[in-house]
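The values are calculated or read from the model by the stated rules, or taken from the named source; none is laboratory data. Because the structure is a prediction, the values reported are computed rather than measured. Cβ atoms come from the backbone with ideal geometry, glycine included; neighbour counts cover every protein chain shown. Quick note on the areas: whole protein, heavy atoms, side chains included, nothing else; ligands and nucleic acids left out. Shrake-Rupley method; radii C 1.70, N 1.55, O 1.52, S 1.80 Å.
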Amino acid sequence: MKRLGLLVTASLMWGEDSFITQYEYGQMLYNTPRGIGCVHCHGAHGEGAKIATYKEDGKRVELRGPDIRKVSIGTLKKSLVKRHRIMPTYFLTDSEIEALYYYLHTPQESE
């Protein structure tokens, strides 16, 4: 928990003396924001991913997480604060949502 507090503090300042970049913070949140990451349903970089396959009325149905790479910051914020049938509620701060948006909209840094 102490580390999370440090990361939240770091998220408020992205200057040269920050130990983590906004991209790295967004990447960390994307992969494990509150125990289960966005990556599991939205893919490695927001492109969408298969969540599950099941049968309904004898037909094969595939449940997929949507592509979120081109959503606006406003749409992302609205989506992350409302309840969904399938997606967990993460209770992210504006700063965390902005870091996620930055991660999704910045060319991939070497990992």
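With the structure loaded, tell me whether HIS45 is assigned to a loop (DSSP other than H, G, I, E, B), touching a residue at least 40 places away in the same chain (Cβ under 8 Å) and either surrounded by 13 or more Cβ atoms within 10 Å (Cβ to Cβ) or over 11 Å from the mean Cα position of the chain (by Cα) (or both) or whether it fails that test.
Considered against the rule, which asks whether it is assigned to a loop (DSSP other than H, G, I, E, B), touching a residue at least 40 places away in the same chain (Cβ under 8 Å) and either surrounded by 13 or more Cβ atoms within 10 Å (Cβ to Cβ) or over 11 Å from the mean Cα position of the chain (by Cα) (or both), HIS45 comes out as yes.
Suppose we filter region 1-42 for residues that are aromatic (Phe, Trp, Tyr), modelled with pLDDT of 70 or more and open to solvent by 60 Å² or more (accessible area, probe 1.4 Å); how many remain?
Residues flagged as aromatic (Phe, Trp, Tyr), modelled with pLDDT of 70 or more and open to solvent by 60 Å² or more (accessible area, probe 1.4 Å) within region 1-42 amount to 1.
Which members of region 52-88 meet the condition of being among the hydroxyl-bearing types (Ser, Thr, Tyr) and either touching a His at 6+ places or on another chain (Cβ under 7 Å) or on the phi > 0 side of the Ramachandran plot (or both)? If you could, list the steps in order and put the result at the bottom.
Step one: of region 52-88, the residues among the hydroxyl-bearing types (Ser, Thr, Tyr) are 53-54, 72, 75, 79.
Once the filter is applied, which keeps residues that are among the hydroxyl-bearing types (Ser, Thr, Tyr) and either touching a His at 6+ places or on another chain (Cβ under 7 Å) or on the phi > 0 side of the Ramachandran plot (or both), region 52-88 yields nothing.
Run HIS84 past the list (1) assigned to a helix (DSSP H, G or I); (2) open to solvent by less than 80 Å² (accessible area, probe 1.4 Å); (3) modelled with pLDDT of 80 or more and report the number of the one that doesn't hold.
Status for HIS84: all satisfied but (1).
So GLY74 fits all but one of (1) modelled with pLDDT under 95; (2) exposed (fewer than 14 other Cβ atoms within 10 Å of the Cβ); (3) not in a loop (DSSP other than H, G, I, E, B); what number is the exception?
GLY74 satisfies all of (1) modelled with pLDDT under 95; (2) exposed (fewer than 14 other Cβ atoms within 10 Å of the Cβ); (3) not in a loop (DSSP other than H, G, I, E, B) except (1).
Taking interchain pairs and intrachain pairs at least six residues apart, which have beta carbon atoms under 7 angstrom, with the first residue in region 58-69 and among the polar types (S, T, N, Q) and the second modelled with pLDDT of 95 or more?
Partner pairs satisfying both residue conditions: none exist.
Out of all the residues in region 28-42, which are free of Cβ contacts under 8 Å to residues at least 12 places away in the same chain, among the hydrophobic types (A, V, I, L, M, F, W, C) and either part of a loop (DSSP other than H, G, I, E, B) or over 28 Å from THR93 (Cβ atoms) (or both)?
none
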